[in-house]
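S.K.: Pasting in a structure now, in structure tokens, and then I'll have a few things to ask.
Readers should treat all values here as calculations from the given coordinates under stated rules, not as data from a laboratory. Fair warning: this is a prediction, and the values are worked out from it, not measured in the lab. Heads up, the Cβs are rebuilt from the backbone with ideal geometry, glycines too, and the neighbour counts pull from every protein chain shown.
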Amino acid sequence: MNLDYIIPDNWSILEEGFDPEQVKASESLFSIGNGAMGQRANFEEKYSGPTFQGSYIAGVYYPDKTRVGWWKNGYPEYFAKVLNAPNWIGINVSINGEALDLHTCKKVENFKRELNMKEGWLSRSFSATLQNDIEIEVNVKRFLSLDIDELGAIDYSVKVLNSNATITYQPYIDSGITNEDTNWDDKFWDTLSVSQKDNKAFIQAKTMKTDFYTCTFMESKLFSNGNEVVIQSEVEKTSTYIAFSYSQNVNQGEIFSINKFGGYTVDRNHDKDDLVNVATAVLDKASTTGFYSLLEAQKQAWSKIWDMADITIDGDVKAQQGIRFNIFHLNQTYLGTDARLNIGPKGFTGEKYGGSTYWDTEAYCIPFYMATKDQSVARNLLAYRHNHLQKAIENAEKLGFTNGAALYPMVTMNGEECHNEWEITFEEIHRNGAIAFAIFNYYRYTGDFSYIPEMGLEVLIGIARFWHQRATFSTDKNKYVILGVTGPNEYENNVNNNWYTNYIAQWCIKYTAESIEKVEAEYSSDYTRVMNKAKLSKAEVNDWLKVANNMYFPYSVKHNVYLQQDGFLDKELITVADLDKSQRPINQKWSWDRILRSPYIKQADTLQGMYFFEDEFTTEELERHFNFYEPFTVHESSLSPCVHSIQAAKLDRMEEAYTFYLRTSRLDLDDYNHEVHEGLHITSMAGTWMSIVEGFGGMRIKDDTLTFEPKIPKQWDAYSFKVNFRNQILKVIVNQDKTHFELDGKNDLQISVNSKSITISPNNLVTV
């Protein structure tokens, strides 16, 4: 059953009423982050019920050893795990010696949780009757600072409702934590020291194997009815834990509060011997500034983000909540300030997928960041792959490729392949194509070709060399084929001639050859440098082109469509509509063997290619392929509905486009795939943004011109979005009967709307 307890709201995620069955799901949905660290919505106080504790530091991981049996050539050495970091949020609360624990309270009433996306904070409030019959009212608010990205802040208050009482707060930090996703309760942290100085506490720890040095820290302030009070603390300390206890006698109706500041300093950013000093400086700043002044700065920081990134939808609260939820989490996960970081599929909300980089970044995320940030952010994402080029070459060498051929990893933290599933590691090679496509897409959108001679061309050459070597000449077909692959549809393994893989391989080679020619003509010094470094000759490029120009593509004359792969028509072609609903989702109900033999498609595969390379196919071709493949698509990947929404909109199938939009935007809020307790689908959230901007807005770049074909679902009164196109901000407002354009920039902008050329002048409303 889908989640239905999240209350629709334009700007907030709201939960009312306490249901222990929903705790893990809510811990995911109400997660917060600031690009440098993140935190699931775990309770600060003790909770003895089922919970998934998760606090994460960007770029900190553990290389869990891969155990391989009889075959290991080329197999990854490890599977990267995102690590649950030492706990900084903990505040044990007791009333007259009775611990506050919502799992054991006699009664919990008026429970409300709010994730305020507009201002970037999480709050929780409730009334509770403890086992000792004392009734209390609790209000909690916390956030992770965007301005000071090593800092989190909590404001926690308790009011006693039915008697006088002694309230004890015990803020603590703890490195004796475990991971949800672990074998045999493995430990991943070595605690080096636990120390205190006055009201501050520090735990220095490092990860095993990878040796990431961290300092977890905290400091607290106490308030009685809003006035700061100084209370002598009692200290409890172990080898992995330190807590301060503060007790106060309060009268009925009075409020006793604690402000806790905490977070992490990491040797990725500081000298490992200086982490405590840096942490001390962060705490001093936080303490001096105070919780509410820090909160005000948080509101201002988020206001700036929303000013550019917001999408408004009038007349459909659920749709509005969905898109803002997606945009909010994308910005919580990655802000583009650190080129060493990337975007994991779960972000800071869970441990699944190892928190690692997938092809999702290039295929889905880069368009969002190009359009809503300065182009330097997208450039950083591309630079991330260039910085890993040598690792990609080494990865290909492990599989027997030579001459600088590069196979980028399917999953990585540092450029090395670290996925431990055979079909993913060895077969899902289309990921190489997404990286090349992102380079093309970046240039197409920004007009910044300079990235290609500076960095991108080396990446393209490595990828083209891989495709040239990976293809095999078939004497039977008199064509080049690509054997033994897994396409984007991961419900098909070890197939021959996956159409999407073959197509993107062909495109990569041709685009690389074109880029070489352009660099030679316009950037001669870079051309000489790159060609010498790569030891690339024009004869080799011609050899690549022989493969590209003679690539095989499986095709059905009967159905007049490209086949997803050889043998697709051998399957029993029963559509999803004719599949008993009790069998869904099939990835939770069927054996892997049964899935592989079925016709069911996890996500856009052939249609993924037609999304990327839309200009190469007619609308009629797209419609034929959409009609053929979508009925077999179960959409059990978070990446699937957005592509189908965009294509349905292009085909003027607005009801389908709208349905797919709701599915992608509310995938987690409504838990379509029954897995939200594991964390959120962060990378697919960028696809949600695309489904509005590219789908309903019809935004494309054609002939170096920004173009639109605006459409609007009947369920909406209007929608609007902004895009940063080549350093000019264009606002698009679509109503049921007309579209408005506003330009914030210095120069006129030439755009195309429904194939008509229009000039937009700065600060001048144009209506079409």
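S.K.: Please report 668, 9, 307 as a ranked list, fewest other C-beta atoms within 10 angstrom at the top and most at the bottom.
M.R.: Lowest count first: 307, 9, 668.
S.K.: Still on this structure: For residue 196 and residue 239, compute 0.36 nm times the residue count separating them, minus their Cα-Cα distance, and round to one decimal in nm.
M.R.: Difference between extended and current length: 14.2 nm.
S.K.: What is the spin-label model distance, in nm, from residue 483 to residue 7 if the labels are put 7 Å beyond Cα along the C-beta direction?
M.R.: For the pair residue 483/residue 7, the computed spacing is 6.2 nm.
S.K.: Moving to a separate point now. Test of the criteria: in segment 220-310, which GluC sites (Glu not before Pro) are in a DSSP loop and have at most 16 other Cβ atoms within 10 angstrom of their Cβ?
M.R.: 254
S.K.: Tell me, what does the Kirkwood hydrodynamic radius of segment 31-307 come to in angstroms if you use every pair of distinct C-alpha atoms?
M.R.: Value: 19.7 Å, from the Cα pair sum.
S.K.: How would segment 407-495 be classified by its alpha-carbon gyration tensor: rounded, prolate or oblate, with rounded meaning a/c under 1.5 and the a/b versus b/c comparison settling the rest?
M.R.: Oblate shape, in that a/c is at least 1.5 and b/c is the bigger or equal ratio.
S.K.: Taking amide H atoms as placed 1.01 Å from N in the peptide plane, list the residues 5 or more away in sequence, or in a different chain, whose amide H sits under 5 Å from that of residue 739.
M.R.: Excluding prolines and chain starts, which carry no amide H, the hits are 768.
S.K.: Moving on to the next point. Taking the alpha-carbon set of segment 147-233, what are its Rg and Dmax in Å?
M.R.: 17.4, 53
S.K.: Rounded to the nearest 0.05, what FRET efficiency do residue 19 and residue 617 give with R0 = 45 Å and r taken as the Cβ-Cβ distance? Could you check?
M.R.: For residue 19 and residue 617, the calculated efficiency is 0.40.
S.K.: May I ask you to list the residues of segment 612-647 whose amide nitrogen lies under 19 Å from a point 7 Å from Cα along the Cα→beta-carbon direction of residue 555?
M.R.: Within reach of a label on residue 555: 613-629.
S.K.: Short version: ³J(HN,Hα) in whole Hz for each residue of segment 204-214, in order, from phi by Karplus 6.51 cos²θ - 1.76 cosθ + 1.60 (θ = phi - 60°), x for Gly and Pro, what are they?
M.R.: So the J values, rounded to whole Hz, are 9, 8, 9, 6, 5, 6, 7, 6, 7, 8, 9.
S.K.: Too long at a 32 Å Cα-Cα cut-off: which of 221/272; 304/518; 398/650?
M.R.: 304/518; 398/650
S.K.: In segment 351-427, which GluC sites (Glu not before Pro) fall in coil by DSSP and have 11 or fewer other Cβ atoms within 10 Å?
M.R.: Here no loop site has a sparse enough neighbourhood.
S.K.: Length gain on complete extension for the stretch residue 72 to residue 659, per 0.36 nm per residue less the alpha carbon to alpha carbon distance?
M.R.: 206.9 nm
S.K.: Follow-up question, since we're still on this one. Among 751, 6, which comes first, then next, by fewest other beta-carbon atoms within 10 Å?
M.R.: Fewest-to-most ranking of 751, 6: 751, 6.
S.K.: Moving on. In whole Hz, what ³J(HN,Hα) sequence does segment 588-594 give by Karplus (6.51, -1.76, 1.60; θ = phi - 60°), x for Gly and Pro?
M.R.: 3J(HN,Hα) across segment 588-594, in whole Hz: 10, 10, 10, 5, 5, 4, 5.
S.K.: So, one more: Over the chain, what is the relative contact order in percent, taking alpha-carbon pairs closer than 8 angstrom and at least six residues apart?
M.R.: Normalised by residue count, the contact order of the chain is 12 percent.
S.K.: Go ahead and collect, in residue order, the members of segment 704-725 whose backbone nitrogen is under 15 Å from a label point 7 Å along the Cα-Cβ direction of residue 752.
M.R.: 704-710
S.K.: Right, another one. Taking H as built 1.01 Å from N, whose amide H comes closer than 5 Å to the amide H of residue 725, not counting residues under 5 places away?
M.R.: Excluding prolines and chain starts, which carry no amide H, the hits are 730.
S.K.: Add +1 for every Lys or Arg and -1 for every Asp or Glu among the other residues with Cβ under 11 Å from the Cβ of residue 292, and state the total.
M.R.: Result for the local shell: 0.
S.K.: In deg cm²/dmol and to the nearest 500, what is the mean residue ellipticity at 222 nm of the chain if only DSSP H runs of at least 4 residues count, each as -39500 (n - 2.57), divided by the residue total?
M.R.: It lands at -9000 deg cm²/dmol.
S.K.: In nm, what is the difference between 0.36 nm times the number of residues separating residue 270 and residue 715 and their Cα-Cα distance?
M.R.: Between residue 270 and residue 715, full extension yields an extra 155.1 nm.
S.K.: Further question: Once label points are set 7 Å from the Cα along Cα→Cβ at both residue 529 and residue 397, what is their separation, rounded to one decimal in nm?
M.R.: Between residue 529 and residue 397, the label points sit 2.3 nm apart.
S.K.: For segment 202-346, what relative contact order do you get, as a whole percent, if you take Cα pairs closer than 8 Å and at least 6 residues apart?
M.R.: 19 percent
S.K.: Now a separate question. Could you compute how fast the chain diffuses translationally, taking Rh as the Kirkwood radius over C-alpha pairs and applying Stokes-Einstein at 10 °C with viscosity 1.306 mPa s? Give it in µm² per second.
M.R.: 57 µm²/s
S.K.: Name the long-range amide H neighbours of residue 45: under 5 Å, sequence gap of 5 or more, or other chain; modelled H, no Pro or chain starts.
M.R.: Residues meeting the criterion, in which the H sits 1.01 Å from N, are 91.
S.K.: Evaluate the distance, in nm, between pseudo-label points positioned 7 Å from the Cα of residue 596 and of residue 546 along their respective Cα→Cβ axes.
M.R.: 3.5 nm
S.K.: Under 14 Å from the Cβ of residue 672, count the other residues' Cβ atoms, weight Lys and Arg +1, Asp and Glu -1, and hand me the total.
M.R.: That works out to -1.
S.K.: Residue 287 to residue 51: FRET efficiency via 1/(1 + (r/R0)^6), r the Cβ-Cβ distance, R0 22 Å, to the nearest 0.05?
M.R.: Once rounded, the FRET efficiency stands at 0.15.
S.K.: Please give me the summed charge of the neighbours of residue 254: other residues whose Cβ is under 12 Å from its Cβ, Lys and Arg +1, Asp and Glu -1.
M.R.: Net charge in that neighbourhood comes out at 0.
S.K.: Give the peptides 101-107, 319-325 in descending order of average Cβ contacts within 10 Å, highest first.
M.R.: 319-325, 101-107
S.K.: Still on this structure, please answer the following. Would you mind calculating the relative contact order of segment 434-505 from Cα pairs under 8 angstrom and at least 6 residues apart, reporting the percent as a whole number?
M.R.: 18 percent
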